[in-house]
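One structure is given below, encoded as structure tokens.
The values are calculated or read from the model by the stated rules, or taken from the named source; none is laboratory data. The model shown is predicted, which means the values in this text are computed figures rather than measured ones. Neighbour counts run over all protein chains shown; Cβ positions are idealised from the backbone, glycine included. Ligands, DNA and RNA are excluded from the accessible area calculation, which covers all protein heavy atoms including side chains. Shrake-Rupley method; radii C 1.70, N 1.55, O 1.52, S 1.80 Å.
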Amino acid sequence: MNILSGLYKPDTGEIEINGKSVVFRTTADAKRAGIGMVHQHFSLVPALTVAENLWLSRQDQPVLLNQKMWSQHLSANADKLGFDINFDAPVWKLSLGERQRVEIFRLVMAGAEILILDEPTSILAPQEAELLFKHIRSFVETGCAILLITHKIHHVRAIADRVTILRQGKVVADCDADDLNNRELAEAMVGKSFAKDFDKRQTRKSAPGENTVLQIRNLSVSSGSNPSGVENLDLDLHSGEILGIAGVSGNGQDELAAAIFGMIDYEGQIVQLGNGSQSGGGDNLAYIPGDRRGVGTAPSLSIQDNLVLREFRRWPFSKCSIIRDKAVSKFAEEKINKFEIRPPDPAARSGNLSGGNLQKIVVARELNLDPNVIIAANPTTGLDVATLKRVHDEFLERVCRGTGLLMISEDLDELLLLCDRIAVIYKGKIVNTFAVGDVAKGEISLAMSGVAR
């Protein structure tokens with residue numbers, strides 16, 4: 001996809017558009033040919049408003065920006081295309097889902113006829129995913145085409161006409177989406193058979209305990225420095241429990257996770273009862289952030305350095321404040337093999353890795369702490385089904401040993417597969433909590449949209 005969008009140059013081969021051979025030397029060449037790509041990691045400038053970002057991408061506009069007229073122009077086009085976007089908001093205040101909508105809108109406005117979407121539903125709630133599918137269907141009906149990169153088999157079923165499966169850089173299947181069932185799709189993706197039925201709820205070897213390992217009381221985060229804020233939020237996480245936090249992106253999930261880990265200021269009380277102290281990033285608390293590139297890893301460091309970021313001061317990784325390189329490399333090789341991190345080179349620079357491989361690094365590092373509380377925000381985003389299963393198994397193993405897992409995700413299907421309870425967050429408040437098994441998916445979806453039942 002980076003070759004098609006003009007970022008990379010192919011060594012061999014040919015690209016044809018409408019039967020005509022093309023060569024892209026730059027991304028501008030690809031744009032002129034009508035190709036636009038929304039990358040997994042967005043390219044917006046956080047300090048600028050949405051309108052200013054969209055202005056930057058348009059070479060046909062005057063040098064001087066008339067903010068009011070430009071915003072009105074954008075709003076009129078957004079209404080026509082069915083996009084709900086606040087063009088005057090700074091990008092840093094937007095949720096990931098809102099940023100994605102801006103990226104797609106920017107390409108549609110620029111006249112793209114072939115859209116490449118890289119894992120577009122990985123950060124979306126069911127309602128947002130369906131809205132995206134609506135945009136996709138409308139776009140395709142105009143005679144345009146979309147290349148949708150995804151690991152989510154049910155989203156392939158929901159939207160795709162055809163499916164091409166790549167494994168280790170080669171096409172292993174190319175057929176109509178209905179030609180393969182879910183198991184066949186999964187096996188083609190990872191190259192081996194699975195006994196697991198991906199559509200069934202995970203079985204647990206133990207029931208949640210009664211002891212509370214994380215207690216939150218009257219938590220509030222100001223909305224003046226973030227998109228939504230959190231208001232008077234109460235929450236209890238028990239030992240051996242998986243508690244899901246469901247909500248449409250931008251309703252306070254990021255602030256909740258950041259407050260628990262001590263990354264932002266807050267009012268109220270957060271106590272990690274496993275060690276009787278205030279939460280704030282201690283060794284008994286693992287944090288898998290939603291932003292694995294900006295928060296979860298240091299792109300300039302190697303894979304092995306990122307894998308030991310939270311433990312490099314202790315044995316066996318250091319002695320008398322001196323790093324033991326052999327111990328670090330051995331540990332890194334074990335994690336690389338276990339989680340199938342690619343490239344399998346401990347010295348490789350993390351900034352060059354794909355989003356999925358960065359996520360594997362974060363998960364491997366945080367779970368190695370053997371924490372009694374895990375805060376996981378969209379932990380399986382961008383992972384293939386084999387690695388997703390491995391991460392789920394790792395979670396379940398620790399939960400069965402008494403660890404409490406707070407799983408924040410817009411993927412309601414994943415929450416229903418794993419969680420014991422699901423708390424719905426809406427505009428910074430917990431509006432309802434459901435016991436999984438006693439509630440229909442539709443009822444949770446309504447609560448996520450702010451509809452009380």
Next item on the list: Quick one: count up the residues across the range 303-328 that are closer than 23 Å to residue 340 by Cβ, β-branched (Val, Ile, Thr) and over 23 Å from the mean Cα position of the chain (by Cα).
Entry: 1
Margin query: Among the listed residues 75, 95, identify the single one that is out of contact with any strand residue (DSSP E or B) (no Cβ under 9 Å at 6 or more places or on another chain), closer than 27 Å to residue 387 by Cα and buried (at least 16 other Cβ atoms within 10 Å of the Cβ).
Written below: 95
Note to self: As an exercise: evaluate residue 16 against (1) surrounded by fewer than 14 Cβ atoms within 10 Å (Cβ to Cβ); (2) at pLDDT below 90; (3) outside any loop (DSSP other than H, G, I, E, B) and give the number of the one condition it does not meet.
What the structure shows: (2)
Next item on the list: Pairs only if they're at least six apart or on different chains, beta carbon under 8 angstrom, first in the range 1-13 and part of a loop (DSSP other than H, G, I, E, B), second hydroxyl-bearing (Ser, Thr, Tyr) and open to solvent by less than 60 Å² (accessible area, probe 1.4 Å); list them, first residue then second.
Entry: 5/27; 6/27; 7/27
Checklist line | Meets criteria (part of a helix (DSSP H, G or I), charged (D, E, K, R), open to solvent by 60 Å² or more (accessible area, probe 1.4 Å) and over 14 Å from residue 112 (Cβ atoms)) for residue 31 | finding: no
Margin query: When you scan the range 39-59, do you find a residue that is over 23 Å from residue 294 (Cβ atoms) and either in contact with a Lys or Arg (Cβ under 7 Å, 6 or more places away or on another chain) or loosely packed, with under 13 Cβ neighbours inside 10 Å (or both), even just one?
Written below: yes
Item checked: Looking only at the range 286-303, and only at residues there that are open to solvent by 20 Å² or more (accessible area, probe 1.4 Å) and touching an Asp or Glu at 6+ places or on another chain (Cβ under 8 Å), the one that is farthest from residue 372 (Cα to Cα) -> 298
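Only one residue in 94, 74 is at pLDDT 85 or above and either more than 12 Å from residue 135 (Cβ to Cβ) or touching a His at 6+ places or on another chain (Cβ under 6 Å) (or both). Which one?
Working: 94 fails: at pLDDT 85 or above.
Exactly one residue qualifies, and that residue is 74.
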Notebook entry, point to check: Taking into account only those residues within the range 186-235 that are hydroxyl-bearing (Ser, Thr, Tyr) and open to solvent by 50 Å² or more (accessible area, probe 1.4 Å), which is modelled with the highest pLDDT?
Noted result: 222
Check: Taking the range 348-357 as the search range and keeping residues that are modelled with pLDDT under 95 and part of a loop (DSSP other than H, G, I, E, B), which one is least open to solvent (accessible area, probe 1.4 Å)?
Finding: 353
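Of the residues that make up the range 236-256, is at least one within 30 Å of residue 91 (Cβ to Cβ), open to solvent by 40 Å² or more (accessible area, probe 1.4 Å) and at pLDDT 90 or above?
Checked the range 236-256: no residue is within 30 Å of residue 91 (Cβ to Cβ), open to solvent by 40 Å² or more (accessible area, probe 1.4 Å) and at pLDDT 90 or above.
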Next item on the list: Please enumerate the residues belonging to the range 312-345 that are in a loop (DSSP other than H, G, I, E, B), open to solvent by 20 Å² or more (accessible area, probe 1.4 Å) and touching a residue at least 24 places away in the same chain (Cβ under 8 Å).
Entry: 340, 345
